[in-house]
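The structure under discussion appears below in the form of structure tokens.
Quick note: the coordinates plus some simple rules give every number you see, no bench work behind them. Please read these numbers as outputs of a predicted model, since none were measured by experiment. Note that each Cβ is placed from the backbone with ideal geometry, even for glycine, and that neighbours are counted across all protein chains shown.
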Amino acid sequence: SQTIHQWPATLVQPVGSPLSLECTVEGTSNPNLYWYRQAAGRGLQLLFYSVGIGQISSEVPQNLSASRPQDRQFILSSKKLLLSDSGFYLCAWSRPGTAEKLFFGSGTQLSVL
Amino acid sequence: RKEVEQDPGPFNVPEGATVAFNCTYSNSASQSFFWYRQDCRKEPKLLMSVYSSGNEDGRFTAQLNRASQYISLLIRDSKLSDSATYLCVVKRYSTLTFGKGTMLLVSP
């Protein structure tokens, strides 16, 4: 069966510090991978998605970047965090060629202070 | 106009009640539609897909009206465990767009 791992569960970072959130998927090959953010009182916002190694599509220009160094690994990064980067970050995967059903990781609650 | 709009609620209903949520979407080229459920501070999980002909899954019924560009979710015989936020989701090409969600609180 397929599983998705996302860590850490919570993170408190000072403004201006770097960020690295990692997500890995097991039990499937060549998944589509996604990073979403859910800010307080707002809906899920798609940040990045990837259909293959090294292929990253950015939906919203911002202070963040994503990388996919391996087939089942997706990393969200920032060089310098802003207060507005606070939120609930969710990694997700779907079967290749479809976004019909997303399977989400358990999320990372990021607080930038 | 936002791509997917929902009434944020909360909808407060007693156990056993029937409750309905609506959602509107702005892009007529949207291809597929879904309802996801999200418990507080947890990840969203797919509840059901929404088909043009309408579909039912136990106590849950979903409807799609393409002409009016709205989607509905009906929950019958509400349970305490139905308390959650229900997210309306629209697919276009390879990405999903989520509404902000409608919160449902079912009380004893």
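Filter segment B:78-96 down to the residues that are more than 13 Å from the chain's Cα centre (by Cα) and facing chain A (nearest Cβ under 10 Å), then identify the one that is surrounded by the fewest Cβ atoms within 10 Å (Cβ to Cβ). My answer is B:Y93. In the set (1) farther than 17 Å from A:G43 by Cα; (2) crowded, with 20+ Cβ neighbours inside 10 Å; (3) within 11 Å of chain A (Cβ to nearest Cβ), the condition left unmet by B:I75 is number (3). The set of residues in segment A:85-103 being away from chain B (no Cβ under 12 Å) and either among the charged types (D, E, K, R) or free of Cβ contacts under 8 Å to residues at least 12 places away in the same chain (or both) consists of A:D85 alone.
Strands (runs of 3 or more DSSP E) fully within chain B that include at least 2 residues being more than 30 Å from A:C23 (Cβ to Cβ): B:11-14, B:19-25, B:55-57, B:60-65, B:70-75, B:102-107. Taken over segment A:33-59, the criterion of being over 13 Å from the mean Cα position of the chain (by Cα), within 14 Å of chain B (Cβ to nearest Cβ) and assigned to a loop (DSSP other than H, G, I, E, B) is satisfied by A:A39, A:A40, A:G41, A:R42, A:G43.
Can you tell me which of A:S29, A:S50 is hydroxyl-bearing (S, T, Y), surrounded by 19 or more Cβ atoms within 10 Å (Cβ to Cβ) and touching a residue at least 24 places away in the same chain (Cβ under 8 Å)? Every option except A:S50 fails the conditions. Among residues of segment A:104-113 being surrounded by fewer than 20 Cβ atoms within 10 Å (Cβ to Cβ) and part of a strand (DSSP E or B), the one that is nearest to the other protein chains (Cβ to nearest Cβ) is A:Q109. The listed residues are A:Q70, A:Q38, A:Q13, and the only one of them that is buried (at least 21 other Cβ atoms within 10 Å of the Cβ) and touching a strand residue (DSSP E or B) at 6+ places or on another chain (Cβ under 9 Å) turns out to be A:Q38. If you scan segment B:57-92, which residues turn out to be closer than 22 Å to A:F103 by Cα and acidic (D, E)? Matches in segment B:57-92: B:D57, B:D82.
Taking the criterion of being among the aliphatic types (A, V, I, L, M) and within 14 Å of chain A (Cβ to nearest Cβ), the residues of segment B:14-71 that qualify are B:L46, B:L47, B:M48, B:V50.
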